[in-house]
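None of the figures in this text is laboratory data; all of them are computed from the coordinates on show. Predicted, not measured: the structure shown is a model, and the values here were computed from it. Virtual Cβ from ideal backbone geometry, glycine too; neighbours counted across all protein chains shown.
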Amino acid sequence: MIEYALWFAFAAFGIGLVFTLWRVVRGPHSADRILALDTMVINAIGLLVVYGISIDRQVYFEAAMLIAMVGFVSTVAYCRFILRGDIIE
């Protein structure tokens, strides 16, 4: 039963990545693109965690934490760049 749930999770996160990629490409404003990139990071984290569960390895959970930290910092930096024109004051 867990195999079906894992395949469903892979499909759901994969479809989510495709839809957010579409929003990155066709977003009408830069704020939409920023939110789509942040959502792509969240979907990538979900895929990584589901993959770690499916092959029963702990290292993928640590990699997901690193991607979450880098994704948060990059989202904040991109927002500051769009709003102020520079990242570091």
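Descriptive notes on the structure:
- Selection from the range 1-16 of residues that are under 12 Å from the mean Cα position of the chain (by Cα) and either buried (at least 17 other Cβ atoms within 10 Å of the Cβ) or acidic (D, E) (or both): F13, G16
- Extreme residue, farthest from F13 (Cα to Cα), among residues of the range 25-43 that are among the aliphatic types (A, V, I, L, M) and within 13 Å of the chain's Cα centre (by Cα): I34
- Taken together, the criteria exclude F72 from residues that are under 16 Å from the mean Cα position of the chain (by Cα) and buried (at least 16 other Cβ atoms within 10 Å of the Cβ).
- The residue that is nearest to the chain's Cα centre (by Cα), among those in the range 75-86 that are of a type outside the set (K, R) and over 20 Å from L21 (Cβ atoms), is V76.
- All conditions but one from (1) surrounded by 17 or more Cβ atoms within 10 Å (Cβ to Cβ); (2) of a type in the set (S, T, N, Q); (3) under 21 Å from L83 (Cα atoms) apply to T20; the one that does not is (3).
- Checking each residue of the range 49-66 against the condition of being surrounded by 15 or more Cβ atoms within 10 Å (Cβ to Cβ), within 13 Å of the chain's Cα centre (by Cα) and farther than 28 Å from I87 by Cβ gives at least one match.
- Among residues of the range 65-89 that are touching a residue at least 40 places away in the same chain (Cβ under 8 Å) and more than 14 Å from I42 (Cβ to Cβ), those with a Cβ under 7 angstrom from a residue that is assigned to a helix (DSSP H, G or I) and among the hydroxyl-bearing types (S, T, Y), sequence gap 6+ or separate chain, pair up as I82/S30.
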